[in-house]
Amino acid sequence: MSTVAFTIIAILTLAAALAAATLQKLMHAALSFAVMFLGISAFFFLLGAEFVGLVQIFVYIGAVAVLIVFTILLTRHDAEKVRGFNWSGVVVALAVFGGLTWAMENTKSLLIDPPQIEPLTVHRIGELLMTGYVWPLLCVGVLLTAALIGALILVLEEKRE
Amino acid sequence: MTLSIVLVVSAALFCVGLLAALSRRHAIFILIGIEMMLAAANLNFIAFWRFTTQPAQPTGVMVAIFAIAIAAAEAAVGLAMVIAVYRHFRTTNVDQLNQLKG
Amino acid sequence: MADSVDQVFIRAKECLLAPLAGHAPGWLIQVASSLINIGALLGVFLTLFALMSVLERKILGRMQNRYGPNRVGPFGLFQPVADGIKMLIKEDIVPARADKVVHFLAPILIAATAILSLGVIPYGRNMTPFVIDGGILFFFAVGSTTELAVFMAGWGSNNKFSMLGAMRAIAQMISYELPLLVTVLPVVMIVGSLNPDQIVAAQTKMWFVLTPWGAVAFILFFVSGLVESNRTPFDVPEGESEIVAGHMTEYSGFKYATFFMAEYIGMFAVSGLAITLFLGGWHAPISILEFIPSYIWFFLKLSSLLFVYIWLRGTLPRTRVDQIMNFAWKFMLPMAFTCIIAAAVWHYAGRGLAGWLWSLAVIAVVYVMLSILLETKKKFAPRTYRFAE
């Protein structure tokens, strides 16, 4: 049963990713980008990390996808479409994929089945965030504040004197 | 569902992101490709956490949570830069942003 | 006896699943159980939507000193049937240069996310359709997908007014998502879990709305929910005199009905969550009245919250966009953060009378400071009248 689910989710995610990478119309690419993140979230649910899956939907589809769509709107020029597709990128991507797969297939220790683990509760994640991972939490907070202020300053209109 | 098949799927996602980042000329597409690569790396982390024999240490999950937060911050700053560049140069084609060329 | 009436729906579902129990594999029983849950949820809430659309018009009519619809059926209660037939037989007009796929998918996505968010609310004892460990986070994650769907609706219509309306709607929704989330945090902090069942179970003795931080957080959550579902006084995205129905301009017939349905179901979902978090879920107010089944209590609380929604619609005028933004960022967000601090003060001062008074003091101090800082005592110029000569 989980193999069937895995196959369906994998096909959906890869199809959406390919659509996002190769579609000419920007809007359609951005929307299939959002669908791809839904697929990755489903992967996380399948692998047992539900909290990360929900955070992924929330942050990526609710925030990053909306940001990308807004930016597409604000940087639209009706005159010409940016038509350009560099085919050497395909060669490089295929080469990297081939290399990674060859490395994975030749590692015997990766052919293992999922062991039985107890489900990871949100309580445990919260506990860890406040005890073991409190320094990264504070650093990420500072980083997000800096990113917020930086992004605001970058798009501030310059005052004409 | 073995670990190697999950890693192959995540490698495929990474390579599609690489494809988007390398072969498109629009700045926003390149950012989309970078986000895809980050998401594929997150998938890798969670997969390794799931298949490990010591599940009491959810290090992979914690790294994935922080990586999602950092990716969101980086997307925000990257898109702000795209808007700022568009205001100045009136183009989003990265091939035309070559004024510093020797 | 009280217990069997309370659990009558659970028993009914078990009777329906009994023929499968022996022979089918485990996953099939789970899928069948989920399908029955979904069917019951859809049936109840779509009927409630239909009923509410006519009751709202009647109550608004009464507030405006007239009868509402009263021709179709007894007291006009079959009006939704007439409305449904009208919507179904209308011609479905799609603009010629609109993006067909995006234009088609937008109402489906909005309705889907609204209905999905209904799935984690506990409607009665043991009556939560989907028990997810991070249930509250699921609700908000699905709710935040609504913004993308609204944008798809505005952009897919290829119409400047739709785009403008969609931008205003998204700005409003994003601004009010923050107070919505931050006001939930005190409750989650005090209970220690994101599971809606555990939050309801923690309110057996006392509802959270009876504490100072709970009351303020409930009001802030309720107002944010009003804004998230684009209801008057915050219905700038769909104000008819301003922007011709905003992102829903180019939709006709059944697709418009789908937008309408998504707005109402979003209202139900936010009210349901407010009841779960602050008003004690399916608990009775006094323990003597516990013999009344839990879902009846939930339904009574839901009805009263929906009546308040309709009441506000009939009474208050529409606010301006900049007034909405000011309100969210300058007032609601600081008050929401104060609620977290007040909840912590309440918890560490012993949860008794001392805790109550200290947290009330914290909230009062911040409220007074905010009113001084935000200059809410504006002076108005004397009114001048100009008459025609």
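Which one of the conditions (1) at the interface with chain A (Cβ under 7 Å from one of its Cβ atoms); (2) within 19 Å of residue A:128 (Cα to Cα) does residue B:47 fail to meet, given that it meets all the rest?
Result: residue B:47 passes all but (2).
Quick one: which of B:84, B:11, B:75 is at the interface with chain A (Cβ under 7 Å from one of its Cβ atoms), without any contact (Cβ under 8 Å) to a residue 12 or more places away in the chain and touching a helix residue (DSSP H, G or I) at 6+ places or on another chain (Cβ under 7 Å)?
Residue meeting the stated conditions: B:84.
Taking residue C:70, is it at positive phi and in a loop (DSSP other than H, G, I, E, B)?
Taking the combined requirement at face value, the residue does not satisfy it.
Report yes if some residue within region C:37-55 is touching a residue at least 24 places away in the same chain (Cβ under 8 Å), among the polar types (S, T, N, Q) and not in a loop (DSSP other than H, G, I, E, B); otherwise report no.
yes
Considering only region C:1-10, how many residues are part of a helix (DSSP H, G or I) and surrounded by 12 or more Cβ atoms within 10 Å (Cβ to Cβ)?
Residues meeting the conditions: 5.
Select from region C:271-314 the residues that are among the small types (Gly, Ala, Ser) and more than 17 Å from residue C:128 (Cα to Cα) and write down the one among them that is surrounded by the fewest Cβ atoms within 10 Å (Cβ to Cβ).
C:287
With the structure loaded, tell me whether residue A:82 is within 7 Å of chain B (Cβ to nearest Cβ), modelled with pLDDT under 90 and more than 27 Å from residue B:44 (Cβ to Cβ) or whether it fails that test.
Answer is yes for this residue.
Cβ contacts < 7 Å: first residue closer than 16 Å to residue A:87 by Cβ and among the hydroxyl-bearing types (Ser, Thr, Tyr), restricted to region B:14-34; second residue at pLDDT below 90 and part of a helix (DSSP H, G or I), any location; separation 6+ or different chain. Result?
B:23/A:89; B:23/A:90
Please indicate, with yes or no, whether at least one residue in region A:105-112 is hydroxyl-bearing (Ser, Thr, Tyr), more than 7 Å from chain B (Cβ to nearest Cβ) and in a helix (DSSP H, G or I).
Yes; the residues of region A:105-112 include at least one that is hydroxyl-bearing (Ser, Thr, Tyr), more than 7 Å from chain B (Cβ to nearest Cβ) and in a helix (DSSP H, G or I).
If the requirement is being over 17 Å from residue C:127 (Cα atoms) and either at pLDDT 90 or above or of a type in the set (S, T, N, Q) (or both), which of these qualifies: C:28, C:60?
C:60
Going by the structure shown, is residue C:142 on the phi < 0 side of the Ramachandran plot and either surrounded by fewer than 21 Cβ atoms within 10 Å (Cβ to Cβ) or more than 8 Å from chain A (Cβ to nearest Cβ) (or both)?
Against the criterion (on the phi < 0 side of the Ramachandran plot and either surrounded by fewer than 21 Cβ atoms within 10 Å (Cβ to Cβ) or more than 8 Å from chain A (Cβ to nearest Cβ) (or both)), residue C:142 does not qualify.
Looking at region A:1-51, which of its residues are under 21 Å from residue A:119 (Cβ atoms), aliphatic (A, V, I, L, M) and either in a helix (DSSP H, G or I) or at the interface with chain B (Cβ under 10 Å from one of its Cβ atoms) (or both)?
If the condition is that a residue be under 21 Å from residue A:119 (Cβ atoms), aliphatic (A, V, I, L, M) and either in a helix (DSSP H, G or I) or at the interface with chain B (Cβ under 10 Å from one of its Cβ atoms) (or both), then A:5, A:9, A:40, A:42, A:46, A:47, A:49 are the ones that fit.
Looking only at region C:331-368, count every residue that is farther than 19 Å from residue C:180 by Cα, of a type in the set (Ser, Thr, Tyr) and buried (at least 21 other Cβ atoms within 10 Å of the Cβ) and tell me the total.
1
Answer with yes or no whether residue C:190 is closer than 22 Å to residue C:114 by Cβ, in contact (Cβ under 8 Å) with a residue 60 or more places away in the chain, of a type outside the set (Phe, Trp, Tyr) and in the same structural domain as residue C:344 (by TED's automatic domain parsing).
When the stated conditions are applied, residue C:190 does not pass them.
The values are calculated or read from the model by the stated rules, or taken from the named source; none is laboratory data. All values reported here derive from a predicted model rather than from experimental measurement. Cβ atoms come from the backbone with ideal geometry, glycine included; neighbour counts cover every protein chain shown.
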